Amino acid sequence: MTGRIQNGSSAGWSNLQRRGLLKMAGVGSLAAAAGSLGFLKGASAADPKTIAFWGTGTLDIGAKWAEFTKQTGVAPEFTDNGNDLGPVIARLAAGNANDLFDIGGFQGGAEKELARQGVIIPWDVSKIANYDSLWQWARDIPYLKQDGKQYGIPTVVNADSIIYRPDKLGKVDSYGVIFDPKLKGRVAMEDAWINSAIFAAIYLKEAENKPIKDPGNLSESELGLVMEFLIKHKKDGQFRTFWNGWEQGVQLVANEEVDAMTGWEPIVYEGRKRGLKVDYAAPVEGYEGWANNTVLLKGAGERGVTDIAHQFVNGLLGGFYGCELGQARGYLVPTDNNLAYAKAHPDEYKPDAVAALADHVKAKFAGKVFWQNARPDNFQLYEEWWQKLRNA
């Protein structure tokens with residue numbers, strides 16, 4: 001399907017063509033599904049504006065997008081991008097991702113590279129009324145801006161560490177549990193250097209006093225130290241697996257295949273929903289802080305849907321999305337609009353729980369935090385080393 005519209009205000013692919021490609025790729029159209037099921041009510045929902053959102057799987061709120069659409073008039077077509085920025089950037093730069101998607105939900109740090117390659121375009125924060133509600137420290141995350149232009153909106157923030165089973169291990173408060181030979185074959189890490197390399201670097205820096213300056217931006221020698229450490233442990237059979245993607249991470253816990261693993265806090269929430277005893281560690285070495293930022297893809301500009309994109313992002317910061325994401329995943333949209341929405345809708349969300357989540361995340365950032373960087377200076381070396389690990 002290669003035809004393009006040339007006789008209109010936009011030279012982008014038509015929504016119909018694009019939706020067909022998304023469906024062929026196994027992606028459902030929420031707007032179409034919600035409309036056909038009668039979920040959408042009112043004037044804004046009668047003809048919702050669609051936006052194709054390519055984000056990390058944990059940003060998806062599933063059937064609740066229908067309520068989001070009802071409130072905002074924008075219907076997202078959500079696609080999980082797998083959370084590995086290497087393939088994501090490749091698909092944006094050399095593939096068809098900009099033909100398919102309008103907005104990206106990516107781990108922070110890639111903005112510089114994406115802007116350099118011209119595959120994203122700046123936001124106009126004056127068109128995002130709720131932008132000013134973002135907490136100042138979230139707005140000050142350094143990689144959100146490039147050359148004075150706003151390329152990233154810090155939509156979700158949290159700090160990651162270790163998922164573990166207290167019934168098996170007692171209380172865990174160190175990354176050392178991942179490398180403990182007593183747990184050989186009963187631990188796991190993610191198959192992505194963006195998280196696993198920094199976890200190992202934090203441990204080596206803080207617990208073993210290795211000469212590492214910034215775990216999120218390793219020099220060539222520091223990276224070699226970290227990766228040789230991980231490769232040795234892999235060869236020794238320490239890791240049951242290096243998991244990939246949200247679903248596999250959840251399954252490792254749900255199937256009780258591991259007793260501890262580095263990973264995302266939502267996996268704890270999902271495990272508890274399934275009746276498992278799982279906790280999230282507060283490591284003495286410190287957390288890996290991160291932001292999942294919303295970026296505006298070049299294709300949105302080519303299709304003339306940037307105003308809809310701004311409307312969508314404004315909705316993400318409006319309170320409902322933050323309440324739902326917090327309840328479902330334990331992730332935080334860094335705005336007080338969440339609590340205001342919960343207070344206005346106490347039958348849907350408990351204000352005390354919303355406030356507690358905000359305090360929980362703020363407490364993490366009040367302690368020792370090392371920022372994740374999705375595009376460190378030596379990222380090509382990271383890629384090469386990670387392939388060596390996979391092959392080891």
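Around Ile51, with a cut-off of 9 angstrom between Cβ atoms, what is the net charge of the other residues, counting Lys and Arg +1 and Asp and Glu -1?
Numbers: positive: Lys49; negative: Glu77, Asp102.
Once positives and negatives cancel, what remains is -1.
How high is the relative contact order of the range 139-250? Use alpha-carbon pairs under 8 Å, at least six apart in sequence, and give a whole percent. Display every interim value, and only then the final one.
On the way: 84 pairs, mean separation 30.6, N = 112.
Relative contact order, the range 139-250: 27 percent.
Can you pull out the chymotrypsin sites (Phe, Trp or Tyr not before Pro) in the range 190-237 whose DSSP state is coil and whose Cβ has at most 12 other Cβ atoms within 10 Å?
Details: sites: Trp193, Phe199, Tyr203, Phe229; in loops: none.
The qualifying sites: there are none.
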Check your understanding: What residues have an amide H closer than 5 Å to that of Ile51, excluding those fewer than 5 places away on the same chain, when H is modeled at 1.01 Å from N in the peptide plane?
Key -> Ala75, Glu77
Exercise for review: Using only alpha carbon pairs under 8 Å that are at least six residues apart, calculate the relative contact order of the chain and give it in whole percent.
Suggested key: 24 percent
Study note, to complete from the structure: With all protein chains in place and a 1.4 Å probe, Met227 shows an accessible area in Å² (nearest 10) of 0 Å²
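Just subtract the alpha-carbon distance of Glu257 and Asn209 from 0.36 nm times their residue separation and send over the number in nm, one decimal.
Working: separation 48, 0.36 × 48 = 17.28 nm, distance 3.13 nm.
Roughly 14.1 nm would be gained on extension.
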Review point. How much length, in nm to one decimal, is gained on full extension between His345 and Gln248, taken as 0.36 nm per residue of separation minus their Cα-Cα distance?
Key: 31.5 nm
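Counting pairs on different chains as well as pairs 8 or more places apart, how many Lys pairs in the range 76-172 have Cα atoms under 17 Å apart?
Working: Lys112/Lys145; Lys112/Lys149; Lys127/Lys145; Lys127/Lys149.
Lysine pairs meeting the criterion: 4.
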Point to revise | Of Lys182/Lys234; Lys182/Lys273; Lys184/Lys232; Lys277/Lys368, pairs whose Cα-Cα distance is over 23 Å | key: Lys182/Lys273; Lys277/Lys368
**Study point:** Modelled FRET efficiency - R0 45 Å, Leu276 with Asp147, Cβ distances, 0.05 increments
**Key:** 0.45
Practice item. Return the calculated 222 nm mean residue ellipticity for the chain, to the nearest 500 deg cm²/dmol, obtained by summing -39500 (n - 2.57) across DSSP H runs with n ≥ 4 and dividing by the residue count. Key: -12000 deg cm²/dmol
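Looking only at the chain, where both bridge partners belong to it, what percent of the DSSP beta bridges are antiparallel (to the nearest 5)?
Details: 24 of 43 bridges.
Percentage antiparallel, nearest 5: 55.
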Check your understanding: Taking 0.36 nm per residue of separation and subtracting the Cα-Cα distance, what length does fully extending Asp377 through Asp173 add?
Key -> 70.4 nm
Exercise for review: Please calculate how many Å² of accessible area the chain carries per residue, with a 1.4 Å probe and no DNA, RNA or ligand atoms counted.
Suggested key: 41 Å²
Review point. Lys112 to Lys234: FRET efficiency via 1/(1 + (r/R0)^6), r the Cβ-Cβ distance, R0 41 Å, to the nearest 0.05?
Key: 0.85
Check your understanding: Do any trypsin sites (Lys or Arg not before Pro) in the range 102-207 lie in a loop, going by DSSP, with at most 12 other beta-carbon atoms within 10 Å of their beta carbon, and if so which?
Key -> Lys171
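Carbon and sulfur together cover what percent of the accessible area of the chain at a 1.4 Å probe radius? Numbers along the way, then the final one.
On the way: 7870 of 16160 Å².
C and S fraction of accessible area: 49 percent.
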Point to revise | 12 Å beta-carbon shell around Val313, net charge (K/R +1, D/E -1) | key: -2
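Tell me the relative contact order for the range 135-204 as a rounded percent, counting alpha carbon contacts under 8 Å between residues six or more apart. Mind showing how you got there, number by number?
Details: 27 pairs, mean separation 13.9, N = 70.
That works out to 20 percent.
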Point to revise | Cleavage-rule hits (GluC sites (Glu not before Pro)) in the range 183-278: DSSP loop, at most 14 neighbouring Cβ within 10 angstrom | key: Glu208, Glu256
Review point. So, counting K/R as plus one and D/E as minus one, what does the shell of residues with Cβ under 10 Å around Leu85 add up to?
Key: -1
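The values are calculated or read from the model by the stated rules, or taken from the named source; none is laboratory data. Here the structure is a predicted model, which is why all the values come from computation and not from measurement. Here Cβ is always computed from backbone atoms with ideal geometry, including for glycine, and neighbour counts include all displayed protein chains. The protein model used for the area step is the full one, side chains on, heavy atoms only, and it has no ligands, DNA or RNA in it. Shrake-Rupley method; radii C 1.70, N 1.55, O 1.52, S 1.80 Å.
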